1. Name the residue, out of 143, 171, that is assigned to a loop (DSSP other than H, G, I, E, B) and touching a residue at least 40 places away in the same chain (Cβ under 8 Å).
2. Of the residues that sit in the stretch 7-36 and are under 14 Å from residue 176 (Cα atoms) and assigned to a loop (DSSP other than H, G, I, E, B), which one is farthest from the ligand (Cβ to nearest atom)?
3. Considering 260, 296, which residue is touching a helix residue (DSSP H, G or I) at 6+ places or on another chain (Cβ under 9 Å), over 23 Å from residue 14 (Cβ atoms) and not acidic (Asp, Glu)?
4. Hey, residue 92 hits all of (1) farther than 30 Å from residue 308 by Cβ; (2) outside any loop (DSSP other than H, G, I, E, B); (3) in contact with a strand residue (DSSP E or B) (Cβ under 9 Å, 6 or more places away or on another chain) but one; which does it fall short on?
5. Determine whether the stretch 129-136 contains at least one residue that is within 14 Å of the ligand (Cβ to nearest atom) and at negative phi.
6. Are any of the residues in the stretch 286-294 surrounded by fewer than 14 Cβ atoms within 10 Å (Cβ to Cβ) and on the phi > 0 side of the Ramachandran plot?
7. Just one of the numbered conditions (1) surrounded by fewer than 16 Cβ atoms within 10 Å (Cβ to Cβ); (2) of a type in the set (Lys, Arg); (3) in a helix (DSSP H, G or I) is not true of residue 99; which one?
8. Look through the stretch 61-117, keep the residues that are free of Cβ contacts under 8 Å to residues at least 12 places away in the same chain and charged (D, E, K, R), and return whichever of them is farthest from the ligand (Cβ to nearest atom).
Amino acid sequence: MTKVQNVAVLGAGTMGHSLAQVFAQGGCNVWLSDLQEGILQKAKKMIASNLKTLVDLDLLEANQPPVILDRIQTTTKIETAGKEAQFVIEAIIEDIAAKKEMFSALDRICPPEAILASNTSFLDIFKFVETKRPDKVLITHWFAPPHLVPLVEVVRGPLTSEESIDTVKAFLTRLGKKPIVIAKFLPGFIANRLQGALRVEAHFLLDNGYATPEDIDVASKASFGLRIPILGLMKREDYAGLDTVQRNLNNRMYNPPEARGSSKTLDRLIEKGKLGVKTGSGFYDYHGKTAEELMRERDIKLIKLREFLRELGELP
Ligand SMILES: NC(=O)c1ccc[n+]([C@@H]2O[C@H](COP(=O)([O-])OP(=O)(O)OC[C@H]3O[C@@H](n4cnc5c(N)ncnc54)[C@H](O)[C@@H]3O)[C@@H](O)[C@H]2O)c1
């Protein structure tokens, strides 16, 4: 099995910059690539700021950020990024034509033994990506922000080899991540499907005037949300008693709402330019705090919670 040391990350946006950080923190040599130099400079600044947060919380030695940053080289040339890579992940826009072209280029440029991964959330890349190494093509689906969230869904294509899956699983585990392997492509994989089901219900409650955004957040955080980190969804059913679960499933008084593909509450907010933290308000008003400040506050809480769950043995 290959021990991965050289990594290339294509796309330095929301996901790409943080992915580069994960690999560099794990000791890898990383090439981070995007279309413009300005995007790469911004990505490096964001990584530096993420690392500073870890130092501030005593989770990283103060002398480590420059060492980690030195492991990340940036380029706008995909040829430079890919030519020595053993593991490549593309985190470019979610667009079939762009991803198809990216994989063809990577296949041409990268060493034949390199594994090529996509971070796609919903695209069945196995249907349209064409390479001479289908046994080394797979999906690794990370969660934002990848340097803080442990789960990586590894999705097998029809021709992906067992060896590629094993190499990637071992690599992700070495990086402190929690890989789970999904046997075949399904849009949304596991975690986004579960989140998607909750989103449909939340917007049904909002649109029909049953609950405010605050009610929904209190209800989810102060009830099942508290149990999920300890039990997950399925072990919780064991605790509830499977006969009780069966009765609940049989109870047709509850029927999930139809997924309508839109939400009038959401549409109204968007019309007013309220897009969430990036515009200073969305369902909530953030009272003049910048997106960076809000993200940093969120990250600090996420890190503290993750460390606590690690202490409890619930996370790697
Ligand atoms: N944002 C999330 O929460 C999230 C979570 C899991 C998976 N994903 C997936 O990850 C991928 C990236 O998402 P994102 O949110 O980081 O997007 P983003 O828009 O923040 O970043 C994409 C970056 O890719 C760059 N890019 C576009 N075409 C390129 C090319 N040909 N070569 C190099 N760079 C190119 C863009 O300039 C941009 O900087 C998508 O497939 C998305 O579905 C996103």
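None of the figures in this text is laboratory data; all of them are computed from the coordinates on show. This structure is a prediction, so every number in the text was calculated from the model and none was measured. Cβ coordinates were reconstructed from backbone atoms using ideal geometry, including for glycine residues, and neighbour counts include every protein chain displayed.
1. On the way: 171 fails: assigned to a loop (DSSP other than H, G, I, E, B).
Sole residue among the options that is assigned to a loop (DSSP other than H, G, I, E, B) and touching a residue at least 40 places away in the same chain (Cβ under 8 Å): 143.
2. To start, the set of residues in the stretch 7-36 that are under 14 Å from residue 176 (Cα atoms) comprises 19, 21-28.
Then keep just the ones that are assigned to a loop (DSSP other than H, G, I, E, B); that gives 26-28.
Details: 26: 19, 27: 23, 28: 19 Å.
If we take residues in the stretch 7-36 being under 14 Å from residue 176 (Cα atoms) and assigned to a loop (DSSP other than H, G, I, E, B), then 27 is farthest from the ligand (Cβ to nearest atom).
3. Details: 296 fails: over 23 Å from residue 14 (Cβ atoms).
Step by step, each of 260, 296 is checked, and only 260 is touching a helix residue (DSSP H, G or I) at 6+ places or on another chain (Cβ under 9 Å), over 23 Å from residue 14 (Cβ atoms) and not acidic (Asp, Glu).
4. (2)
5. Quick first cut of the stretch 129-136, residues within 14 Å of the ligand (Cβ to nearest atom) only: 129.
Next cut, at negative phi only: 129.
Yes: the stretch 129-136 contains one or more residues that are within 14 Å of the ligand (Cβ to nearest atom) and at negative phi.
6. yes
7. (1)
8. Step one: filter the stretch 61-117 for residues free of Cβ contacts under 8 Å to residues at least 12 places away in the same chain, giving 61-63, 66-67, 70, 95, 97-98, 101, 108.
Okay, now just the ones that are also charged (D, E, K, R), so 61, 70, 95, 101, 108.
Details: 61: 28, 70: 22, 95: 8, 101: 7, 108: 14 Å.
Among those residues, the one meeting the criterion is 61.
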